[in-house]
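The values are calculated or read from the model by the stated rules, or taken from the named source; none is laboratory data. It should be emphasised that the depicted structure is a prediction, and the values quoted were computed from it without experimental measurement. Cβ: placed from backbone, ideal geometry, glycine included. Neighbour counts: every protein chain shown. Quick note on the areas: whole protein, heavy atoms, side chains included, nothing else; ligands and nucleic acids left out. Shrake-Rupley method; radii C 1.70, N 1.55, O 1.52, S 1.80 Å.
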Amino acid sequence: RQKAHTVDSVMVKPKRAHKKRGMYEIINGDLKDYSNLHLLHDYHHIVEQHTKDEAQFDALHNYLKQNEADESNADDDNKQEDNDRDHSIPFCVLRTFRHKAVYANYKHNHEEREYLFFNHTDPLEIATQTILDKIYCHLYYVDMWRLNSIELQQLQWHTTATHNNDTATDDEYAVECDDEILSETQQLMRQKREPLVQAQTRSRFRLQLRSDRFMVGTELQSTAHAQQSNANAESHCFGDNYFFYWSGDPNQQSGSAPPCAITAKYRDFKREMLNNAWQCLSLAQWNCVHAKSNLLAETLDVQSIGAFSAWKMSPKIHTISQRYEIAENASMTLGHIQSMILYCNFHELSQAFRRTFIGSGQDALQKHAEFAHFARNLVECVSVFGVPLETKKHHSMCLYHAIEDEQLILHRLSCQYVAPVSMSKAFEVVWSYSSSNDERSGLLLKLRQEKNFSAFVMDCALFSDFPMEYEHIAIANDEPMRIDSIIDCQLFANLKHYIHAMFTLTSLLSAQLPMYAVDDKNVLRASHKLVRFQLEKNTKQIVNERLRLPSYIEQLFDAKCINITSIDIDCRQILEKRKKDNDENNGCFANFAPLLVSQSDSDSDDVDNRHCLNLEVLMILFPNVTAIAVQYCHFLHLESTLDKLLGCVSTLSGVHTKASFRIEFNDPFHNAQTSPMQAIVRKYSKPFQEIHFEIFSLDECIVCKANTNHNRPKSAKSPKINGKRLHLHPTEAAPETAAMDHDASPNNDEDCLIM
């Protein structure tokens, strides 16, 4: 725990002394029946058994710090030297944050590197010292990266007292739920790290390197959208290219577009790391990585990581095993362990490697071939030895990372990671890093498992020198992760409730079960605000300032509305009052009924059949919609609904120009002998013909579709919503939507959607 003495920002050893016995010799020679392997096993046991419970970890941390303070006070000779001990950083902590790229140039910096490790050059000795540094940083100085149980309780109490516990949930910290708490957390973490910040400004140690680690730069924010392996949906993709490193045929791979086959430029991994054109290691650095990987390979924790152990039982395992040329339940190789160590601890190397996933054409292939072995090993670590975000062990793990561009509109609310991206399981780690620079703006994303998908990540705790960051890596994922929340780092604004509201509205408009609790007052309030704001905006009315949305949410919701082309509504979810244990659909969106349903003017005695669906609201909110399907329409008063439909279809801009535009009312309880469907069709046939629409019955449906053989009516009145006349303005469609409409085939009766 020697202090760092610095001169002109270059660290030197206080006095050059004769080389003494190293820690490797002491641990493996002097201690009876003990070795580096036992040391790692003891450390892994502490991490596994005593750090998951916050109170227990705090007790362990305080015990170690108290013993350190007692030893310091007992040494009378060093009291004067240690007067400012509380404001200094131990040498081993600063050494962990060294700028490794500087020491890669062995010819010019080999003496400084020897000083770092007390004149020792043996790779086993240096590996032992770095392992001890890692343990010390994690157990003694972890409070620089995390909030302890007392601080969490204080912040949670403040959140509970302010918001009546509406925002706190069981699976996340309260610190990420409130805008004011975000500011308090940032200030608290800045105070904790101030000694380290002051130390790194006087030496080579770079805290900023770690700050950039969880930030995705603008260069990775690809404009192309990647295709999922088992869905046609799209998500925002970080990185441009998938690559194929194995001996099989890349054109036979399922999932995304066929990856680019890569031929390694160098014969093996060692030559690649020592001679690549972008970021090389020195031979001394490689030898230390090799020694450390040999130690980790013997530990029980690394040996317990079996190939495909997290995969669900399915025939795909055999196919994927052949693709990666790795047998099921096989252990990690030295190459896998070395790749994880290098990616986690050599920041400049990992950043240079990440940039090779950007670009196209032959130049991109040549650039990536410099890291072919590195890339293959990391892809296998994540895809073969990694875990999904939802497992039996991690019921619902969430990860965080930041993006540099606050104007990036993630309208799909899902992300796909082609290039390697570092994430953390600890919110305060990413938040304190991303908000540490007042001049930098950006967004912080909270990610969860996407429904029906299994995006894999790899836990870096065993391999990283910074286990207190809880780092995970994602790479070459052909399946997306769901964005659960977005935080504006510059405005200290948590947009969580708006994000949940968008997911809830999406579920409502696609006849799916809700993803979040629909009785959450904040989500319900945000949903109403989104709809009302978009209605006023799309009808050129002056927007009420009380409805004004955060700028990013306004752009995000507008992009989502433009990209929606089909709607499916299940009336049971909105209007059914009789709950059934065997049917979760009944009444699950009852709180959202006022957004879409109004009482009809009919004198019908059937109270349950007096609801009118406001289709004009849907067509105003989603100007590019081409198909609306209404299921279980016996809950509606169809005549009142069709009367409103007549009044709005003739006035909405663009409806008659869409050949595929159609609205369907589906009643699975339809009885051809007793149902009034035929009578309704006969009653409304002529009025719909006058506005150049067709209405007819087909099986269990009443279908209204545009007749594009006629011109649009010359005059028509604007529809009313809540008693106000609405005037629509044209909305520019998204490119993919416009292409869809342009390529649509003529709408025949046979292509009726029965949803």
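Note on region 271-402: Rg/Rh from C-alpha atoms, Kirkwood Rh, equals 0.99.
Among the listed pairs K192/K425; K52/K451; K52/K496; K577/K705, which have their C-alpha atoms separated by more than 29 angstrom in this model? Among K192/K425; K52/K451; K52/K496; K577/K705, the Cα-Cα distance tops 29 Å for K577/K705.
The simple Förster model, with R0 at 51 Å and r as the Cβ-Cβ distance, assigns S149 and F669 a FRET efficiency of 0.35. Under 5 Å between amide hydrogens, built in the peptide plane, is the criterion, and for S414 it picks out H236, I483 among residues at least 5 positions away or on other chains. Under 5 Å between amide H atoms, partner at least 5 residues away or on a different chain: which partners does Y242 have, H built in plane at 1.01 Å? HN-HN under 5 Å from Y242: C260. Between Q208 and V102, the contour length at 0.36 nm per residue exceeds the Cα-Cα span by 36.6 nm. Can you give the FRET efficiency for N275 and D249, using 1/(1 + (r/R0)^6), R0 = 35 Å, r = Cβ-Cβ distance, to the nearest 0.05? Here the calculated transfer efficiency is 0.75. Remark on H611: its backbone amide H falls under 5 Å from those of S600, H637, a criterion applied only to residues 5 or more positions apart or on other chains, H modelled at 1.01 Å from N. Within the accessible area of region 340-445, the carbon and sulfur atoms contribute 44%, probe 1.4 Å, all protein chains present.
Taking label positions 7 Å along the Cα-Cβ direction at both L300 and S183, the computed distance is 5.0 nm, reported to one decimal.
What the phi angles of region 470-485 give under the Karplus curve with 6.51, -1.76 and 1.60, with θ = phi - 60°, is a coupling list of 6, 6, 10, 10, 10, 7, 6, 6, 9, 10, x, 10, 8, 7, 8, 7 Hz, glycine and proline written as x.
Between Q555 and Q512, the modelled labels are 2.5 nm apart [label points 7 Å from Cα along Cα→Cβ].
Each peptide among 411-421, 184-194 gets the average number of other Cβ atoms lying within 10 Å of its residues, and from highest to lowest they stand as 411-421, 184-194.
So how do C260, C588 rank on accessible area, 1.4 Å probe, biggest first, that is with the largest at the start? Before the final figure, lay out the partial values.
Values: C260 50, C588 20 Å².
The most accessible residue leads, giving C260, C588.
Using a probe of 1.4 Å, the accessible surface attributed to I409 totals some 40 Å² when neighbouring protein chains are kept in position. Computed 3J(HN,Hα) for region 556-568, one whole-Hz value per residue from the Karplus formula 6.51 cos²θ - 1.76 cosθ + 1.60 where θ = phi - 60°, is 5, 5, 4, 5, 5, 5, 5, 8, 7, 10, 9, 10, 9, glycine and proline marked x.
Residues within the reach of a label modelled at T263 (point 7 angstrom out along Cα to beta-carbon, backbone nitrogen below 11 Å), restricted to region 337-365: there are none.
Here E219 and Q56 are evaluated by their C-beta separation; at R0 = 35 Å the FRET efficiency comes out at 0.25.
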